[in-house]
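The values are calculated or read from the model by the stated rules, or taken from the named source; none is laboratory data. Fair warning: this is a prediction, and the values are worked out from it, not measured in the lab. Glycine also receives a Cβ, built like all others from the backbone with ideal geometry; neighbour counts cover every protein chain displayed. When the accessible area is computed, the model is the full protein with side chains, heavy atoms only, and any ligands, DNA or RNA have been set aside. Shrake-Rupley method; radii C 1.70, N 1.55, O 1.52, S 1.80 Å.
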Amino acid sequence: MDVGAHLRESREARGLSLDSITQRTRVQSRILAAIEVNDLRSIPPKPSGRAFVRAYAREVGLDPEETVRAYFAQFAPPPGFVPPEPVVPPEPVSSRHWVWGAASAAVLLVLTLYVVRGDETTSAGAPDEVVGTSGTAAPASLPASSAGVSEPRTAAEPERAAPAAAPSELTVTISATGLCWITATADGEREMYRLLESGARETLHAKRELMILAGNAGALALTINGRDLGAFGKPGQVRSIRITPENAGSVR
């Protein structure tokens, strides 16, 4: 349910027509109809548009200020939205650059082979020996203990406490203290998409993640796995949040 649909249902519940609200508010019926279907292009810009929504809400018995905030919050972009940057095609590589790149790779290969062969020659001339405590050389293939060299002992490392295991399931309780709209998905499936009035209470469950987007976040309170977060945001604010078993204990 959206705010426009909620206004229409409140009007029909009172047995009112658009013409009767027009006579009371002096707002044209075509604008009232646009408000009901959330046609923002047909609604006059602020402040006139806000005044029309406020007058409509008053006639159907809804809180005018809460309704205005929730109505126009529907059209706000999600938090953190960044328009994608244009894709710039790569510049073509000229034949000169290709020739220089191939020549550099060949020189690097020759230098690498020269260094490797020099290391092999040096290592071949010096046999590996292990000198024991008696002063005699021991074969390199023998372990250090047989050559008379004892391995140093290291102090026992203290055992580290295992990290606390993340909860296997998420349980989020949503309580509305005023008029607000909310959409929520649990493990990729939509669970809520409607308007909440003051006093409404819902509980959501998920195993991997919960995604919540709300308008008028100050009228919404959350409890995550029994931990009370208090108000979800500020009055009139549009806020979204992603909750997982890993961040359930630290999310704010």
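For region 212-230, give me the residue count where each residue is open to solvent by 40 Å² or more (accessible area, probe 1.4 Å) and within 14 Å of the chain's Cα centre (by Cα).
1
Suppose we keep only residues that are open to solvent by 40 Å² or more (accessible area, probe 1.4 Å) and touching a helix residue (DSSP H, G or I) at 6+ places or on another chain (Cβ under 8 Å) within region 67-93. Which one would you say is modelled with the highest pLDDT?
Only one residue tops the list, namely GLN74.
Among the residues of region 17-60, count how many are closer than 20 Å to SER198 by Cα and either at pLDDT below 95 or assigned to a helix (DSSP H, G or I) (or both).
Within region 17-60, residues that are closer than 20 Å to SER198 by Cα and either at pLDDT below 95 or assigned to a helix (DSSP H, G or I) (or both) number 6.
I'd like to verify a number: residues in region 15-64 that are among the small types (Gly, Ala, Ser) and surrounded by fewer than 16 Cβ atoms within 10 Å (Cβ to Cβ), how many?
Adding up the residues that qualify gives 9.
Can you tell me how many residues in region 231-242 are open to solvent by 30 Å² or more (accessible area, probe 1.4 Å) and assigned to a strand (DSSP E or B)?
4
What is the residue count in region 218-239 for residues that are touching a Ser or Thr at 6+ places or on another chain (Cβ under 9 Å), small (Gly, Ala, Ser) and over 17 Å from ALA200 (Cα atoms)?
So the answer is 1.
Give the residue, chosen from THR203, THR185, that is open to solvent by 10 Å² or more (accessible area, probe 1.4 Å), under 16 Å from the mean Cα position of the chain (by Cα), farther than 22 Å from PRO235 by Cβ and hydroxyl-bearing (Ser, Thr, Tyr).
THR185
If you scan region 196-230, which residues turn out to be in a strand (DSSP E or B) and touching a residue at least 40 places away in the same chain (Cβ under 8 Å)?
LEU210, ILE212, LEU213, GLY215, LEU220, ALA221, LEU222, THR223, ILE224
For the condition β-branched (Val, Ile, Thr) and at pLDDT below 85, what is the one hit in THR223, THR185, THR203?
THR185
Take the residues in region 162-172 that are touching a Gly at 6+ places or on another chain (Cβ under 9 Å) and surrounded by 12 or more Cβ atoms within 10 Å (Cβ to Cβ), then tell me which one is modelled with the lowest pLDDT.
Selected residue: ALA166.
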